[in-house]
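Here is the structure we will look at.
Computed from the coordinates by the stated procedures, all read-outs in this text should not be read as laboratory data. A quick note: this is a predicted structure, and the numbers were derived from the prediction, not measured. Neighbour counts run over all protein chains shown; Cβ positions are idealised from the backbone, glycine included.
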Amino acid sequence: MEETQLNSTIDPACLQEPPLAIDVIKQLDVFGLCLYFMLTFMSSISLLLYLEQCFYIYKKLPYPQKTTIIWINGAAPVIATMACFGMWIPRAVMVTDMTSNCYFAVVMYKVLVLIIEEFGGSNVFLKRFSGKTFKITTGPCCCCCLCLPRVAMSRRFLFFLKLGSLQYAILKTVLSVLAIVLWTNGNFDLSDLEITGTAIWINPFIGVLTIIALWPVAIIFMNTNSFLRSLKIVPKYAIYQLILVLSQLQTSIINIVALDGTIACAPPFSSQARGSMLNQQIMIMEMFILTLLNRCLYRRTYETLPSEVHDNDQNSKVALQTALVEHDV
């Protein structure tokens with residue numbers, strides 16, 4: 001009897017699938033329409049700025065740096081565009097989120113490639129750092145394992161670093177396609193946390209792959225960023241990390257809160273659909289700001305990084321001048 005009374009107090013829309021696009025448009029008031037069109041305008045501007053940035057990079061920067069930078073610059077605009085589609089078409093959120101995540105999986109690998117290319121490519125990188133030991137006690141895997149020894153840079157070690165990042169770009173795409181196929185058949189549901197559900201197996205596995213992919217990028221960055229300060233590699237890496245946190249961690253937190261029922265149901269949106277809608281809207285604003293920041297960092301030409309011999313010559317000159325000054329004194 002009590003269960004019947006409880007069910008009768010719940011709006012049936014709170015238990016339904018996400019609404020159709022036309023239903024979303026019909027229930028919007030003046031404020032809602034203004035908000036939706038403003039967010040759509042922001043995502044459109046992000047995409048247009050990215051396309052113009054691609055044209056600039058293609059004309060001004062040499063190959064292969066320009067292709068890598070174009071990939072990295074596209075992270076924020078692509079996520080904003082997919083979030084805009086998910087905002088207007090709530091039932092497509094599964095597809096839009098998977099598309100954004102697959103693109104960013106490639107960007108994670110491209111960040112590692114960019115750092116290597118800033119030194120002149122793999123051969124020049126190995127020539128400069130071959131035999132030098134790299135610290136591997138970095139996040140997210142081994143930041144607390146201070147007892148781990150330093151590893152000498154070699155062609156084999158660099159190959160494993162690239163492979164560790166590339167595996168995520170490949171496997172993430174494969175698992176995303178599998179999840180979408182299962183979702184269309186009703187076998188993949190993020191709210192199904194039972195041991196027999198597919199989501200409880202696929203999502204943790206993707207999380208492990210993410211951690212493994214982040215580690216090689218962090219190793220390369222932590223051991224080489226001091227040589228790339230003139231190329232503003234630190235703020236570039238910080239924005240990449242920020243996009244990662246916002247697109248992965250923020251989305252996961254909002255989804256968990258929505259599944260818990262903390263985000264209230266607002267017909268025609270269920271709690272989960274409303275949480276997803278709020279996440280899309282927040283994501284558009286965040287990615288719009290990051291698109292502008294990326295434009296400031298990458299929209300410039302710069303000379304090739306000085307070689308190690310040049311650095312040693314400069315250090316020798318400074319040491320010689322210091323010795324002469326001390327001798328005169």
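Of note:
- Here the range 229-271 is scanned for amide nitrogen atoms under 20 Å from the site 7 Å beyond the Cα of Ile211 along Cα-to-Cβ, giving 241-242, 244-254, 256.
- Kirkwood hydrodynamic radius (C-alpha pairs) into Stokes-Einstein, the range 149-262, 10 °C and 1.306 mPa s, D in µm²/s: 95 µm²/s
- Potential extension, Ala266-Ile200 segment - 0.36 nm per residue separation minus Cα distance: 21.1 nm
- Ordered by the number of other Cβ atoms lying within 10 Å of each residue's own Cβ, fewest first, Tyr109, Tyr63 fall into the sequence Tyr63, Tyr109.
- Put the Cα centre of the range 242-294 next to the Cα centre of the range 147-216 and the gap is 22 Å.
- Over the range 17-299, volume per residue of the alpha carbon convex hull, in Å³: 138 Å³
- For the range 155-163, backbone phi angles converted through the Karplus equation (6.51, -1.76, 1.60; θ = phi - 60°) give residue-by-residue couplings of 4, 5, 5, 5, 4, 5, 5, 5, 5 Hz, Gly and Pro being listed as x.
- When the listed pairs Lys66/Lys135; Lys162/Lys232; Lys60/Lys132; Lys66/Lys132; Lys172/Lys236; Lys60/Lys172 are checked against a 27 Å cut-off, the alpha-carbon distance exceeds it for Lys66/Lys135; Lys60/Lys132; Lys66/Lys132; Lys60/Lys172.
- Ranked by how many other beta carbons lie within 10 Å on average, peptides 275-286, 32-43 from highest: 275-286, 32-43
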